[in-house]
2 protein chains.
Amino acid sequence: MNSPQERNGGFLPDQHDHGDCVAAALEDAIAVCGERGVRLTPVRRRVLEIIWQGHRPLGAYAILEVLSGEGHSPAPPTVYRALEFLLTQGLVHRLSSLNAFVGCSRPGHPGAGQFLLCTSCGTAAELNDPEIERAIERGAAAEGFVCRDHTVEISGLCPHCRGT
Amino acid sequence: MNSPQERNGGFLPDQHDHGDCVAAALEDAIAVCGERGVRLTPVRRRVLEIIWQGHRPLGAYAILEVLSGEGHSPAPPTVYRALEFLLTQGLVHRLSSLNAFVGCSRPGHPGAGQFLLCTSCGTAAELNDPEIERAIERGAAAEGFVCRDHTVEISGLCPHCRGT
DNA sequence: TACCGTAACATTATGATATTACAAAACAGT
DNA sequence: ACTGTTTTGTAATATCATAATGTTACGGTA
Ligand SMILES: [Zn+2]
Ligand SMILES: [Zn+2]
Ligand SMILES: [Zn+2]
Ligand SMILES: [Zn+2]
């Protein structure tokens, strides 16, 4: 099984077929979990789908609310556990500047990614930019610091909102 | 009045004279507030001092606890208001990956800075690295995104901890 | 099938962080 | 001192996340 390719990392047109995004994300998730011998259980799968309802970060309690509207009313730990699983498998990312979660555009990839967050429409785009990573690595090394992880979240205006 | 210079941005030796750091930070804060015609009131000043007790980020409730041990027992809004003031004046930074606040090494400077956070000892160092900023700007521009602000928080090991 | 061990999930409660709304006090300019 | 503005106090509440404990579902074994 070949690894999933980058998908939906950038900003997409408003009228793109979002069903395809969700379907591709699920397909990738099934593949990644299959390769690793971990289980994409119904709760985990449903949480991933809910996150992929849009290209915008969703808070844990917003996910809870969606689940509550489906007969099923789990408590916070259920959602957080599913999120932790998805984070561990690299299927979603956590955005600490928003306390929210977004689907990963390159499921299972190594590295933390960088995020562009539109303050106008709430849309997020994921970068995995080697130039940024290299600059960070270099800046840290100059202070004698060894990087383990990074959070890069850039807020501003997406291409759709910058014009209006 | 000349603007404060960069101070204490990097990792300092364990035995540096930290009283100097605090004194310099307060001096800079007084200068910045004086130039701008805003008031560094006793609460704001004290919160800034508490944050500068060390080179490690402090949570709002940790600050509250210190204040409580001083006869004076303010409620959360008092601390959050002081923090908001200090953030606005560029005297402290908020680290969203830690939900904590740290003194700014270049009081009043423009830009968001980048932070190195040691997971072993909790120490933070601030960078204002034009290379990182340029890389981010370029990566964002390639997606048609206009940057307004950024959060760059790098976790890993500081020079003191990497050896042990 | 019955058994066991592990992984996943449910439930309750609580911890940690942050904000709203309104009242009182301190301050600055007159 | 009078007045409008800024700052602080206080109580309640919202929001985000985890601890602690017990139960259920699943997969392997005999
Ligand atoms: Zn990703
Ligand atoms: Zn937008
Ligand atoms: Zn700074
Ligand atoms: Zn350290």
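Each reported figure results from applying straightforward, stated rules to the coordinates on display, with no laboratory input. Everything quoted here is computed from the prediction, not taken from an experiment. Neighbour counts run over all protein chains shown; Cβ positions are idealised from the backbone, glycine included.
What's the exposure ranking of A:45, B:134, going from fewest to most Cβ atoms within 10 Å?
Going from least to most buried by this count: B:134, A:45.
Could you list B:33, B:158 so that the one with the fewest beta carbons within 10 Å of its beta carbon is first and the one with the most is last?
Ascending number of Cβ neighbours within 10 Å: B:33, B:158.
In chain B, what cysteines have no partner Cβ closer than 4.7 Å?
B:21, B:33, B:104, B:121, B:147, B:161, each lacking another Cys Cβ under 4.7 Å.
If one takes the longest principal axis of the Cα atoms in chain B, at what angle in degrees, from 0 to 90 and to the nearest 10, does the Cα axis of helix B:76-88 lie?
Between helix and principal axis, roughly 50 degrees.
Among A:164, A:78, B:88, B:123, which comes first, second and so on when ranked by fewest other beta-carbon atoms within 10 Å?
The order, fewest Cβ neighbours first, is A:164, B:88, A:78, B:123.
Under 10 Å, Cα contacts only: if you run a Gaussian network model on chain B, which one of B:21, B:104, B:121 comes out with the highest mean-square fluctuation?
Of the options given, B:121 has the highest mean-square fluctuation.
Kirkwood-based Rg over Rh for the protein assembly as shown (C-alpha set), two decimals?
1.00
On alpha-carbon atoms, Rg over Rh for the range A:4-162 using Kirkwood Rh?
A ratio of 0.98.
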